[in-house]
1. Report the label-to-label distance for residue 128 and residue 224 in nanometres (one decimal), using points 7 Å from each Cα along the Cα→Cβ vector.
2. Using modelled amide H (1.01 Å from N, peptide plane; none on Pro or chain starts), what sits under 5 Å from the amide H of residue 64, excluding residues fewer than 5 places away?
3. Taking amide H positions as placed 1.01 Å from N in the peptide plane, with prolines and chain starts having none, which residues 5 or more places from residue 209, or on another chain, fall under 5 Å of its amide H?
4. With a sphere of radius 10 Å drawn around the Cβ of residue 155, what net charge do the other residues whose Cβ falls strictly inside it have (Lys, Arg +1; Asp, Glu -1)?
5. Provide the per residue accessible area, probe 1.4 Å, for the chain, rounded to a whole number of square angstrom.
6. Relative to the longest principal axis of the chain, what angle (0 to 90°, nearest 10) does the C-alpha long axis of helix 84-94 take?
7. Using a 10 Å cut-off on Cβ atoms, rank the peptides 73-81, 27-35 from the highest mean neighbour count down.
8. Taking just the alpha-carbon atoms of the range 1-71, what radius of gyration and Dmax come out, in angstrom?
Amino acid sequence: PAVDRLIMAVRAPEGFSNIRRIPSQTANWTIRPHYEYLVGFDKTNGEYVPQLATEWNLEPDGHSWRFQLRKGIQFHNEFGEFTAEDVRHSWLMNILPDDPGSEARTMRVTVTNVEIVGPYEVVFHTIAPNADVFEVVSEIQGGMEIRSKADFLSRGPGILSGVQSSEFANNEDLPAYAELVGGRDPLPTETPLAGTGPYEIISMDQLSGIVYRAVENHWRDTPDFAEFEMKFINEA
């Protein structure tokens with residue numbers, strides 16, 4: 001490359017947010033370089049391919065999914081290795097009450113639990129066959145980008161889904177919400193929760209845009225440019 005930073009001028013998305021569950025499918029492209037998924041897809045033929053999961057299979061019930069996870073994948077900002085804990089955490093963050101996305105409804109209604117079998121193995125238990133479940137956990141649709149549980153907890157208690165996270169301690173609708181006590185959503189001036197993508201967001205602003213920094217020696221896809229910027233310009 002002849003330059004260190006590639007700049008792309010784009011129209012600011014509707015529903016801009018540094019909280020992944022808030023943007024709609026039409027706006028989540030702004031943070032896709034920052035995150036990865038359990039399942040990827042081949043850009044040349046559209047086939048599902050391993051990404052953060054190395055393999056998967058249907059359970060004996062014919063509709064739940066078991067995933068074997070890739071070992072040694074590191075989160076941005078030294079938040080440690082990606083494990084099954086982060087998959088379950090990402091599911092819980094995806095089904096919080098303020099998530100309006102259609103993929104959130106799929107995860108709330110169809111997925112009854114994400115079971116941690118071991119550090120690198122999870123099972124998505126579902127109540128019935130639903131093709132959307134596999135698409136939501138994959139890159140081809142998106143919706144369940146994998147976020148760092150350690151980063152979430154490191155930010156300390158605070159506002160989560162519009163309330164103090166401590167209020168989820170005894171939630172009758174979903175007792176598993178208690179696992180989110182102690183963390184909080186990023187503030188408007190902060191970067192999103194750490195991901196494992198080939199680019200890491202180092203700054204983002206609804207007026208100016210987003211600046212990404214390349215992850216050195218990324219396990220899957222080393223970027224061509226040291227920095228990548230989406231500059232928001234609302235002109236024809």
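The values are calculated or read from the model by the stated rules, or taken from the named source; none is laboratory data. Here the structure is a predicted model, which means the values were calculated and not measured. Every residue, glycine as well, gets a Cβ built from its backbone with ideal geometry; the counts of neighbours run over all protein chains shown. Note: accessible area is taken over every heavy atom of the protein model, side chains too, but ligands, DNA and RNA are not part of it. Shrake-Rupley method; radii C 1.70, N 1.55, O 1.52, S 1.80 Å.
1. 4.7
2. Amide H neighbours of residue 64, under 5 Å, 5+ apart: 59, 126.
3. Close amide H contacts, sequence-distant or interchain: 232.
4. Working: positive: 184; negative: 151, 185, 190.
Spelling it out: positives minus negatives among the neighbours equals -2.
5. On the way: 11200 Å² over 236 residues.
About 47 Å² of surface per residue is accessible.
6. 80
7. Sorting 73-81, 27-35 by mean packing, highest first, produces 27-35, 73-81.
8. 16.8, 54
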